[in-house]
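Quick one: the structure is below, questions incoming.
Values quoted throughout were computed directly from the atomic coordinates according to the rules given, and no laboratory measurement underlies them. Nothing here was measured: the structure is a model prediction, and the numbers come from that model. In this analysis, Cβ positions are derived from the backbone assuming ideal geometry, glycine residues included, and neighbour counts consider all displayed protein chains.
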Amino acid sequence: MSKLNRDILYLVFEEFQDDTKALYSSLLVNKTWCEIIVLILWKNPWKYLTNKNENLLFNVIISHLSDESKNNLINHNIELFPIFSQKPLFNYISFCKHLNLSSIDKVINTIKYYYTESSISIIKNEIYNLFINESTKFTYLYIPQYFDYQIHLIPGAKHCFSEIIFLSCNIGVNDNVLIGLAGICQSIKELELFVERKNSKNIYGITKLIDASKKLIDVRLLTVNTGFDIIPINLYYVEESLKPFHIILENSLMKHAHTIQYFMITSPPATRILSSLVNLKRLELRIDNHNVKLDFLENVSLSSLRILKSNIFQIKFLRNLILNTDRSLTKISIDNKLHNEIDNKNIIKAIYQNCPNLIYLKLMFRNENILELEQLLINCQYLIGLYFLIINIFNWDKLFEILNISSPTSLFKFKFNIISHESINLESLILFINNWKGRHPMLLQLDPYGCTDLFDLIEEYKSEGIIKKFNYLHRDFEDFECYHYPWNCLENLSLPFLQTLKTRVIPVEILAIYQKFPKLTYLKLILIISENITEFENILIRCQYLDELFISVDNLFNPRELFEIF
């Protein structure tokens with residue numbers, strides 16, 4: 001019974017793995033709770049890493065060093081006694097399932113100003129050996145940009161990496177490292193690969209690793225630009241001179257065509273790799289360049305596709321893709337907001353004519369095509385969530401009338417993102433909510449523009465069972481989004497990279513960017529409501545390298561609070 005209780009508690013606490021406040025507050029309840037929560041926290045300790053706790057984590061890691069390692073450090077005149085004098089309560093390292101070498105390097109860098117470069121190298125060796133040995137076994141491995149440490153030669157590496165299922169790395173990683181891992185990591189199912197335009201010719205090691213994998217299921221090819229002013233970028237398509245090397249890479253991936261079920265790209269492929277993915281269930285196209293050729297999508301037939309997420313400009317190619325999915329799509333998220341009336345109508349028609357099993361849709365609806373929404377609601381009877389992107393003047397009365405009359409019984413999640421300066425017609429919205437009474441309580445999320453009077457009524461609607469949950473836009477509801485791709489495309493890059501990062505536009509939902517990029521020099525953001533002021537203050541406190549800051553505020557924001565912080 002005790003074992004059963006522990007297993008149940010573990011499952012319960014695992015649901016709170018992203019709520020550190022809840023986990024920390026439960027650590028001291030009793031010994032059993034403490035042991036279970038420590039297991040969860042140390043499964044992937046790097047996800048909780050911040051500038052504030054880097055040094056603390058380094059101290060905990062160092063405290064695990066063996067006497068032999070300590071003596072080795074002493075013999076090299078490296079004094080760390082005050083740090084590792086006391087043994088930890090748990091063997092935290094043994095709980096780790098995620099080995100993030102980028103985060104380890106970042107933690108080690110907290111002491112780089114106190115030791116010589118050669119001493120730091122020795123400390124790094126000891127820490128790598130602490131994590132990689134016969135007593136540890138990881139399932140997730142993150143390798144940073146230009147990494148050249150021969151980790152596969154560390155004693156115990158074969159045991160340690162034999163069950164790796166997820167690998168995130170950069171093409172710039174040393175070939176010898178990748179080739180060495182290819183002989184060990186043959187169970188990789190998920191591959192996140194950062195493809196540099198500058199170093200795209202160096203792909204021998206990664207192709208060996210891909211070839212060695214027995215069952216690739218999830219592949220993400222993220223194109224990044226390199227240089228002094230380094231930013232994440234999706235704008236570049238494969239240059240002619242680099243095509244032969246991308247062809248080799250994609251041909252290597254096509255050997256896994258029958259097993260790959262999730263594929264994400266940020267630049268057009270050099271081959272017809274999409275057509276080869278016969279069992280693909282999830283496709284993400286994050287290609288921002290408006291001028292890039294998208295003919296690779298022509299005549300692509302993906303009969304097993306379930307989820308489509310895209311931001312591509314030429315939406316007509318998505319229409320063709322939807323028409324060729326054999327009515328299998330259940331979730332569609334299209335972020336493009338610039339397509340014209342005709343393309344908008346065609347994409348809506350393609351969806352309701354070919355996606356009868358649709359449960360989630362994010363799409364721009366133009367006012368001219370509002371009647372097409374009615375057909376979509378009638379034909380897609382399994383819809384659960386609708387995310388409206390609204391641009392320009394809109395007939396709110398007609399929209400909410402259609403939603404009240406034609407919504408299937410399954411539909412109860414609504415988001416309204418207004419791109420223009422127009423606000424939702426409050427009277428129409430309130431009438432829509434009142435008419436929803438007796439149906440499944442809705443989850444409602446919208447821009448606050450023009451809706452301040454509604455906020456006073458929300459609690460009343462909740463008590464009446466009309467609204468289950470209400471929030472401002474940019475704050476995700478659990479299980480509402482089709483797929484929220486985390487801002488992890490930079491997590492695996494080295495510290496020198498982050499020192500030169502310039503972020504162009506930061507939406508409200510990622511104001512916590514200070515946790516990832518403390519060395520920002522340029523930041524542009526939009527503050528929508530005053531409760532974001534705390535997050536903004538954290539940015540000023542944490543990002544000490546900022547020299548350019550552009551802020552836009554809306555009419556609901558109290559400027560006095562902003563000036564007081566400055």
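Reachable lysines from residue 208, Cα under 25 Å, same-chain residues fewer than 8 places away excluded?
In chain and number order, the partners are 97, 137, 158, 189, 198, 243, 255.
Which whole-Hz ³J(HN,Hα) couplings does region 88-93 yield from phi under the Karplus relation 6.51 cos²θ - 1.76 cosθ + 1.60, θ = phi - 60°, glycine and proline marked x?
With the stated coefficients, region 88-93 comes to x, 5, 10, 8, 4, 4 Hz.
Separate question: Summing Lys, Arg as +1 and Asp, Glu as -1, what charge do residues with Cβ under 14 Å from the Cβ of residue 350 carry, residue 350 excluded?
+2
Tally Lys/Arg at +1 and Asp/Glu at -1 over every other residue whose Cβ is under 12 Å from the Cβ of residue 396; what's the total?
Around residue 396, the charge tally is -3.
List every residue whose amide H lies under 5 Å from the amide H of residue 416, counting only residues 5 or more places away in sequence or on a different chain, with H placed 1.01 Å from N in the peptide plane.
Those lying under 5 Å, H to H, from residue 416 are 388, 445, 446, 447.
May I ask which residue of 99, 114, 13 lies farthest towards the positive end of the charge dipole of region 1-120, with charges of +1 (Lys, Arg) and -1 (Asp, Glu) on Cβ and the Cα centre as origin?
In region 1-120, that residue is 13.
Could you list which residues have their amide H under 5 Å from that of residue 442, counting only those 5 or more apart in sequence or on another chain, with H placed in the peptide plane?
467, 468
Also, I was wondering about something else. Work out, step by step, the length gained on full extension between residue 175 and residue 187: first 0.36 nm times the residue separation, then minus their alpha carbon distance; give nm to one decimal.
My answer for the length gained is 2.4 nm.
Continuing with the same structure: Going by amide H atoms built from the backbone, whose H comes under 5 Å of the H on residue 333, apart from near neighbours?
Result for residue 333 returns 308, 309, 310, 362.
Here's another thing I want to ask about it. Please list, in order along region 176-187, the HN-Hα scalar couplings obtained from phi with the Karplus expression 6.51 cos²θ - 1.76 cosθ + 1.60 (θ = phi - 60°), rounded to whole Hz, x for Gly and Pro.
With coefficients 6.51, -1.76 and 1.60, one gets 4, 5, 5, 5, x, 5, 4, x, 10, 8, 10, 10 Hz.
Mind listing the phi-derived Karplus ³J(HN,Hα) values for region 401-413, rounded to whole Hz, using 6.51, -1.76 and 1.60 with θ = phi - 60°, and x for any glycine or proline?
5, 5, 5, 5, 7, 10, 4, x, 5, 6, 7, 8, 10
Also, I was wondering about something else. Grab the other residues whose beta carbon is less than 9 angstrom from that of residue 442, score K and R as +1, D and E as -1, and report the net.
Cβ neighbours under 9 Å give a net charge of +4.
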